[in-house]
Amino acid sequence: MDVNSTTKLCPCLKISHNDDSRNFVFTADIICVIINAFLSIPSMILNLLLILSIIKTPSLRKPSFILICCLAVTDFGVGLLIQPLFIARKIAFLYSNVEVYCSLLKAGNVLSHIVCSPSFFVVTAISIDRYFAIRLQTRYKQVITNRRVYKFLIGCLMGACLVTTARFHATRPEHMGYAAALMFILLVVIVCCYIKSLNKLKAHHVHIHNLHTPSQRIIQTILHKKTLKTLLIITSVLFICYIPFVTVVIVISKFGRNRSLTIAWEGTVTLVYVYSFLNPVVHLCRCKQIRQACVALMRRNKVGVAMLEPSVLSFQSTLEKYRWKKNVKKSEN
């Protein structure tokens, strides 16, 4: 069947979707395919490296790292399943194969909700976990335990199943407003947690500044600034990737689908998939423990050692020394 011969796409599919072939734009589709094809494999590799590093490093089997590992699992699923399905669906449409397009659309809807729904809850949990780590300090290990994290993750899987079931009862664009409302609430929770974390860090910084010696103050100031910067980067990346998508979902639920909103939908969905690539990059760049675990993992398995030594390891050492000297100078001033 030629998609240009009819404007009705997948009439048998009851879920809310774009059923007007005229809303798709060739150039936009090609751009989305290229971006997803370019990032799919790197996303899988980086997230798999992150997962194995945390699993195989006993010192990283803590609540914070378990949550990061679970987020990496969902991001790995995006690179392994969701992005290839997205690419295949777009190619099927471009080649006017409507039957394959509709099958891939349905499969993609099921898998994307199963894989991506827990991701949003885990991201929220990570922000809450960071707040508790800063707020509780010495009592953190007593309150946040591995067992409680595992229970939460089981709840996330159950929530993903409910969200997927609800998605197949969403037959009109208006129903997407409920999903947008849920995502908006979670984003508000994330913002509140990070704002509270920043305020607590600042108060803690003032407290230690009055108690420690000048040399200790320099070290604490460096750690304080690094933590603040990490929180800012994580929050910024999250919002850059998710806010456009949530906004488009809200607009579609209010006004329905048209050509412009369909292009915006495809673009913002791709941006959400890009987050699956950026997330491991941020954690590898900002967390020394994870970075060291990754290097140790590759050394143990003798994978990429020739590439890592001396170039990457030398660069890593030089970069850390440069950052240290730069922060020391700022602290002294």
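What is the gain in length, in nm to one decimal, between residue 236 and residue 25 on full extension, counting 0.36 nm per residue of separation less the C-alpha to C-alpha distance?
Numbers: separation 211, 0.36 × 211 = 75.96 nm, distance 2.97 nm.
Length gained between residue 236 and residue 25: 73.0 nm.
Please work out how much length the chain gains when fully extended from residue 301 to residue 260, using 0.36 nm per residue of separation minus the C-alpha to C-alpha distance, in nm with one decimal.
Contour length minus the Cα-Cα distance gives 9.9 nm.
Set the Förster distance to 35 Å, then compute FRET efficiency between residue 292 and residue 97 from the Cβ-Cβ distance, nearest 0.05. Write down the numbers at each step before the final one.
Values: r = 48 Å, r/R0 = 1.37.
Step by step, r from the Cβ atoms, then E = 0.15.
Taking 0.36 nm per residue of separation and subtracting the Cα-Cα distance, what length does fully extending residue 181 through residue 138 add? Mind showing how you got there, number by number?
On the way: separation 43, 0.36 × 43 = 15.48 nm, distance 3.56 nm.
Result for the pair: 11.9 nm of gain on full extension.
FYI, it's all coordinate maths here, none of it is from the lab. In this text, all values refer to a predicted model and were calculated from it rather than measured experimentally. No Cβ is skipped: glycine too gets one built from the backbone with ideal geometry, and neighbour counts run over all protein chains shown.
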